[in-house]
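The values are calculated or read from the model by the stated rules, or taken from the named source; none is laboratory data. This is a predicted model, so every value here is computed, not measured. As a convention, Cβ positions derive from the backbone with ideal geometry for all residues, glycine included, and neighbour counts pool all protein chains shown. Just so you know, the surface numbers come from the protein's heavy atoms only, side chains and all, with ligands and any DNA or RNA stripped out. Shrake-Rupley method; radii C 1.70, N 1.55, O 1.52, S 1.80 Å.
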Amino acid sequence: MSPINRLGLVKDHLLPKMVEQTLQNKVAIVSGSSSGIGAAIVRELSARGASTVVNYPFSGLKAEADALVTSLPSPSISLEADMGTVSAPQALVDAAVSQWGRVDILVNCVALAVNKPLEEQTLADWDKLVNINGRGTFLLTQATLKHLTKGAGRIVNIISISGRGPPPNQTIYAGTKGMVDSFTKCWAKELPPKYGCTVNAVSPGPTKTEGFAAAGEEQMKILQPIIDQTPVGPRMAAPDEIAFAVAFLCEERARWINGAHIVASGGLFID
């Protein structure tokens, strides 16, 4: 069918949409971004013109990260950096600064979940999740500040509705997300007067990613009835639906939004 209607006008909805380059010349670091929500955020920021650092934790994921970089419309680099280590956050910042000289946008996306009954969660689980989800976010933000564009920087923390409305079996994961929730509130008061930045958060609900699929059959028995109650529709989110909320907070016109917590869950959790 032709996109020309009977008046000879092109039907706008049949034409490919060009994304406005509202983030052109911006530099963004997105931790944990070779797949899942992180990769979707990189795609959204890149589509708007931002140069991006794609982060992956292990050498086995290099091909995945490099394929993402190749597919992006704006300049991008990938870097292996395990955010569970003390040195990885600084390495990410160093890579961005070496390539572009500054950081305009930081998205703390990296996270790992463990779904087990409380009795089965271990000290090793604790150390892994606290170090990646909590300490990694803390250290990456610290390392970024001295290079953050004064007066226009954006920090967005990816939390989870588990941080405020956790299901069973997520004691440590929900606790670490609650930690990052508190980071956001504290930093939104502390950092803007010093750096002229904004600090906000996005909490996804259940999202169709590789990581969520790895939750396992038993955990899905708990989560599926919850997902089915989502007011907007009985489904999980698509990663790009979360990425849109993040990109919105990174826009120059979002300069007066600070300390906000956007819950992107289709109304599954309303505070």
- Residue range of the chain that is longest and free of trypsin sites (Lys or Arg not before Pro) which are both DSSP loop and sparsely packed (at most 15 other C-beta within 10 Å): 18-101
- Message: With the alpha-carbon atoms as the only input, what is the per residue convex hull volume for region 26-113 in Å³?
- Response: 81
- Take the alpha carbon atoms of region 68-109, find their radius of gyration, then divide it by 2.2 N^0.38 Å using N residues; give the quotient. 1.22
- Anchor K208: lysines whose Cα lies under 18 Å away (excluding residues fewer than 8 positions away in-chain): K221
- Item | In order through region 146-162: 3J(HN,Hα) via Karplus (6.51 cos²θ - 1.76 cosθ + 1.60), integer Hz, x for Gly, Pro | 5, 10, 6, 4, 5, x, 9, x, 10, 10, 10, 9, 8, 9, 4, 5, 5
- Taking all protein chains as present, what is the carbon and sulfur share of the accessible area of the chain, in % to the nearest whole number, probe 1.4 Å? 58
- Message: Could you give each residue of region 171-184 its phi-based ³J(HN,Hα) in whole Hz, using Karplus coefficients 6.51, -1.76, 1.60 with θ = phi - 60°, and x for Gly or Pro?
- Response: 3, 6, 4, 4, x, 5, 6, x, 4, 5, 4, 5, 3, 4
- Message: Filter K146/K185; K62/K189; K150/K185 down to the pairs with a C-alpha to C-alpha distance above 32 Å, please.
- Response: K62/K189
- Accessible surface, region 79-176, averaged per residue in Å² (probe 1.4 Å): 41
- Query: Where in region 109-186 are there chymotrypsin sites (Phe, Trp or Tyr not before Pro) that are in a DSSP coil and have at most 16 other Cβ atoms within 10 angstrom of their Cβ?
  - Reply: none
- Taking the Cα atoms of region 83-139 alone, what are Rg (to one decimal) and Dmax (as a whole number) in Å? 14.4, 48
- Query: In terms of modelled amide H atoms, which long-range or inter-chain residues lie less than 5 Å from the amide H of V110?
  - Reply: S31, G32
- Reduced Cα scattering model of region 108-226, Debye log10 I(q)/I(0), q = 0.17, 0.19 Å⁻¹: -0.84, -0.99
- Note on the structure: Taking only the alpha carbons of the chain, the radius of gyration and the largest Cα-Cα distance, Dmax, both in angstrom, are 19.0, 69
- Once you've got the GNM for the chain with C-alpha springs shorter than 10 Å, pick whichever of A143, A63, A50 has the biggest mean-square fluctuation. A63
- Scaled to the compact-protein estimate 2.2 N^0.38 Å, what is the alpha-carbon radius of gyration of region 98-174, rounded to two decimal places? 1.35
- Can you give me the Cα centroid spacing of region 118-138 and region 143-178 in angstrom? 14
- Task: Take the Cα atoms of region 220-266, find their three principal axes, and give me the spread along each one in whole Å, biggest first.
- Result: 41, 19, 17
- Convert each backbone phi in region 255-270 into a coupling constant with the Karplus relation 6.51 cos²θ - 1.76 cosθ + 1.60 (shift: θ = phi - 60°), then list the ³J(HN,Hα) values in order as whole Hz, x for Gly and Pro. 5, 9, 9, 8, x, 7, 10, 8, 9, 9, 9, x, x, 4, 10, 10
- Item | Inter-probe distance in nm under a simple model that places probes 7 Å from Cα toward Cβ, at D271 and V130 | 2.4
